[in-house]
Amino acid sequence: MGLRRLEGASYFCTMIVYNETLIVEEAIYDEWLNYMKETHIPGIMATGYFNSYKILTVIDSPNEGVTTCIQYNTDSEEKFAKFYNQYLHGFHTSHNALYENRFVLYSTLMETIAEG
């Protein structure tokens, strides 16, 4: 975990956040969310590369379907890179096999620079 001193503040621990935003068809959303909570996310967490996760839904999405964000927190870009290289493709393949053409996925890698 990186330490960074922010101007006028004490030291702050940086966190890397891997965010997946998915737009899922409404007709399968409940089934999909159950799969994510019971199988997909526990599998990702079991790799040991992430410390925690959050599931969020977008309240005012202009998209058709339900927009959900899943944020996985890790200590470093190196840990994320190892996860990416060793596991991400397999998780996406399993997910696609179940829900192909019923969702859209966007992913981003972010760094926390401040929190209150």
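For the chain, count the residues as N, evaluate 2.2 N^0.38 Å, and divide the Cα radius of gyration by that value, please.
1.17
If you place +1 on the Cβ of every Lys and Arg and -1 on the Cβ of every Asp and Glu, how big does the dipole about the Cα centre of the chain come out, in debye to the nearest 20? Walk me through the numbers before you get to the answer.
Working: 7 positive and 15 negative charges, 95 e Å.
It works out to roughly 460 debye.
Where the centroid of each part is defined by its Cα atoms, how far is the stretch 17-50 from the stretch 93-116 in Å?
9 Å
Where a number appears in this text, it was derived from the coordinates with a stated rule and is not lab data. Keep in mind the model is a prediction, meaning the values are calculated, not measured. In this analysis, Cβ positions are derived from the backbone assuming ideal geometry, glycine residues included, and neighbour counts consider all displayed protein chains.
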